[in-house]
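Every number in this text was worked out from the coordinates using simple rules, so none of it is lab data. Small disclaimer: the values here were computed from a predicted structure and weren't measured. Cβ placement follows ideal geometry from the backbone for every residue including glycine, while neighbour counts extend to all protein chains displayed.
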Amino acid sequence: MLSPNDKKLEKLDPFYRPSVAKQKTSAEIISEARNALRTVGTQRPFTPQENQRKLFGPASSRAPENRPPSSFSLHASSFESSDSRPISGTRLSPLELKPKVPAPPTTEEDPCLSLPRPPVDPAKMRRISSARARLFRAASQAALLPDRTLTPAERKKTVESKETVRMGDSVVKVNGIYLTESKAIGHFKSHPLQLTYDGGFSEIKEPEMCKGATSLPSHLRSGGDQGKRRSRASLCPNSSDLSRLETKAVSKTNLQEKATETEADDVFWNTRIVPILHKLEKEGRSIETLCAACAQLHGALAEGNMLGKKFKRRSTLLKTLYKLVDVGSDPLSLKLAKIILALKVSRKNLLNVCKLIFKISRSEKNDALIQSDSILELLLEVLRSEDLQTNTEAFLYCMGAIKFISGNSGFLHEMISKGAVEILMNLIKQITENTDKCGACLPNSGHLLVQMTATLRNLVDSPLARSKLLSISALPQLCTVMGQHMSDKDVCTNIARIFSKLTTYRDCCIALANYSRCYALFLNLINKYQKKQDLVVRIVFILGNLTAKNNQAREQFFKEKGSIPALLSLFHTFYRLDLHPRRPAGGGDEQPTPQKPQAQGEDVLIKLTRVLANLAIHPGIGPALAASPQVVGLLLATLEYKSIDACEELVINTIATINNLSYYQVKNSIIQDQKLHIAELLLKLLGSDNMDGILEAVRVFGNLSQDHDICNFIVQKNIHKFMIALLDAKHQDVCFSACGVLLNLTVEKDKRAILKEGGGIKKLVACLRDFGPTDWQLACLVCKTLWNFSENITNASSCFGDEDTNTLLVLLSSFLDEELALDGSFDQDLKNYHKLHWETEFRPVAQQLLSRIQAHHSFLEPLPFPSS
């Protein structure tokens, strides 16, 4: 008789394949391959190494006549002898000078303002000697003459000659007498007077006495109203007048100091610089000698503080350096370029020196020379300090050189540590802001962006560069550039290459996925460049990365207008191209090679099926895709014409996508409508030697075998024997998937007997023994399958056999002991993972199965633990 508990167990429904556990732990990454819905991985699109260093590679969309040259001649005559700004040739209109007389003073503190003097007429300089003589004679009599009101006739006799000029000291007028300022200072000490402006010279008039001063002599007093008007000012001299004179004295001191400095510079130039220049100008010198002299020259200039723009003999020095460019030696040219850049040349000369370095950097063998001469630092300084709009072409060749050497991994750390990432992103920001502001791009900005984005593509291989890009929010900025330069395929391709690298890293992938505008941007690029494989394959790869782990990204992309139609259109385009590898109408820029005629569209299809598989994981998107005749039709068409031997990755990705779609048991599912056709296609894969392909096919059968028609198909085609044979595989995932199919078959009572074919029971017990302690999910599947098989059990030995029955009793008893079952040498995280699945999946089923076997089996002696 069965106990009440046993009777309840007998009435339980058969077990189906296990559902995905809802509770998540960090260790569950181990079981990702077990999930009913799985993401699909793929390799990043391959970018071939360019054989030659050029501004634009062979795959560039720019026509040769529409892009700056990578090859050119450069000679000493290319440089300008003077680095000053050239005459523009534009005739300027004369300025209308209308001097204004200042308003009268409004405060008593400053009753008389000092006014500026007009410029001296050079034509009057010839009269200087006679004028000074008259002034000095008149000055000796000034104190003896009475200051009275002059008649008109007498005023005419006053010396107000417009012929008088000022050289050295300025001329002032003291009581109508002209004196130089140095003489006037002495006069101030004995006769404090005030300076006023009379239209040509400064006039010193008689003021009132300062407070507390003694009375003026009677012969210096003036009578009448005019005398009163002339004596309104303070007896003390005006402070602005004294300040002007004192400033002049300070300026004289500064001039003396500058003269001393100039004399020191002359000595340094003659003793240190000139001998080196003689070495450089001397004929017959070897390249090594010239290089050594240039290194010596750079050191001497730095020591004498003569680098930069302010050195007065800079033009003479540059002329000597420009002449040596014609020697044509790369090591010497680098030495020359180092000095020329340090002298801060501009405009055409800056362009030419950047071209010079660009030419040298085109040869990979010169990378060591560039590194030893610290040229990189000078190039970065050009980008950092020079004006972009003024020097766009110079920036282009400067960036070209930086791009070349960034391809050498030996430069990466130096470039990043010197701020290359920040400098490039700052320039990119300037270009985007100018485009937003003006509605048009700077001249050559597209060419420049190609060089900058290609350099960033090389830099992002470094973890430090990726960290910097994230810290300055560079990914949205690059998306903005993509949107502004949508018509520039080269720029878009380079940025796509940057993103395809970055999104393989979790933090970068999350940062881009969170920028919601990127999905519409990528869809626009797919629609615009549908036949440009090198671009669209990377865009689709990026979308695959964004949707691999992020359910929100799946939803955002799916909600973008026209997202799935765009993917299907692209799929159809490259499906036809892959099926018939010919040059497409409209022309793709990358044509198939004779050696690999089918590789043209294959890679795009691989990335596309990955995106569809990842999207299908979303519970709201998966059923919609499963119900799409276009989606399912293209997937099945791929399986029909592609063999796993011809294209392993495409076939496996396609089956994985079908597996995810087959998970959804919905009424309008095209997968369910086509299930027998799919089973026929999968049957071909089971006969291949590709274990990965076999595993994916078995997983699809695990979903489809919940259907009665598929179970009949499996038995009719003897697929169940293949599943039993797979239990011998020493691969846990293969055993897990095969056991899932057998579990679904044993749901139907008339098919349970198949487990006895090919030793199915014995192999299931062996799987439990071998994988149980390390894989409680697989152990659970085995127990469920044996439970279904033993539903109508009357005797355990007759059901399982004596040996297998005894083994099951020992194994189940041992595995249900928590201390023994979970006593493994795992870290804590993994222990928690195993405990979760042991408690939630294995233990409930194992307890029921053990109780059933014990109820239908008795023994007297303890059973030995089965050997492995």
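Say a paramagnetic label sat at a point 7 Å from the Cα of ASN712, along Cα to Cβ; which residues of the stretch 655-699 have their backbone N under 15 Å from it?
Taking a point 7 Å out along Cα→Cβ of ASN712, the residues of the stretch 655-699 whose backbone N falls under 15 Å are 675-677.
Taking neighbour counts of Cβ atoms within 10 Å as a proxy for exposure, in what order, fewest first, do SER462, SER73 appear? It would help to have the intermediate numbers written out before the result.
Values: SER462 16, SER73 7.
With the sparsest Cβ surroundings first, the list reads SER73, SER462.
Specify the inter-centroid distance of the stretch 726-805 and the stretch 312-336, based on alpha-carbon positions, in whole Å.
85 Å
Using the count of nearby Cβ atoms within 10 Å as a rough guide to exposure, how do VAL782, VAL604 rank from fewest to most? If you can, show how the numbers build up before the last one.
Details: VAL782 31, VAL604 27.
The order, fewest Cβ neighbours first, is VAL604, VAL782.
Enter the per residue convex hull volume of the stretch 740-802, computed from alpha-carbon coordinates, in Å³ rounded to the nearest integer. The partial results should precede the final answer.
Numbers: hull volume 5.1 nm³, N = 63.
Convex hull volume per residue, Cα atoms: 81 Å³.
Once a ≥ b ≥ c are taken as the square roots of the eigenvalues of the Cα gyration tensor of the stretch 622-731, is the result rounded (a/c under 1.5), prolate (a/b larger than b/c) or oblate (a/b not larger than b/c)?
Working: a/c = 1.87, a/b = 1.24, b/c = 1.51.
It is oblate, given that a/c is not under 1.5 and a/b is not larger than b/c.
Which of the three applies to the stretch 327-472, rounded, prolate or oblate, going by the alpha-carbon gyration tensor with a ≥ b ≥ c and a/c under 1.5 meaning rounded?
The shape class here is oblate.
In the structure shown, do any of LYS359/LYS403; LYS642/LYS730; LYS54/LYS528; LYS437/LYS561; LYS531/LYS675 have a Cα-Cα gap over 24 Å, and if so which? If you can, show how the numbers build up before the last one.
On the way: LYS359/LYS403 13 Å; LYS642/LYS730 29 Å; LYS54/LYS528 27 Å; LYS437/LYS561 29 Å; LYS531/LYS675 33 Å.
With Cα atoms farther than 24 Å apart: LYS642/LYS730; LYS54/LYS528; LYS437/LYS561; LYS531/LYS675.
For the stretch 734-859, what number results from the quotient of the Cα radius of gyration and 2.2 N^0.38 Å? Before the final figure, lay out the partial values.
Details: Rg = 14.3 Å, N = 126, 2.2 N^0.38 = 13.8 Å.
In units of the 2.2 N^0.38 Å rule of thumb, it is 1.03.
Quick one: net charge around GLY308, please, counting Lys, Arg +1 and Asp, Glu -1 for every other residue with C-beta under 11 Å from its C-beta. Display every interim value, and only then the final one.
On the way: positive: LYS309, LYS310, ARG314, LYS344; negative: none.
Neighbourhood net charge equals +4.
Gap in Å between the Cα centre of the stretch 354-400 and the Cα centre of the stretch 437-502?
Measuring centre to centre over Cα atoms gives 19 Å.
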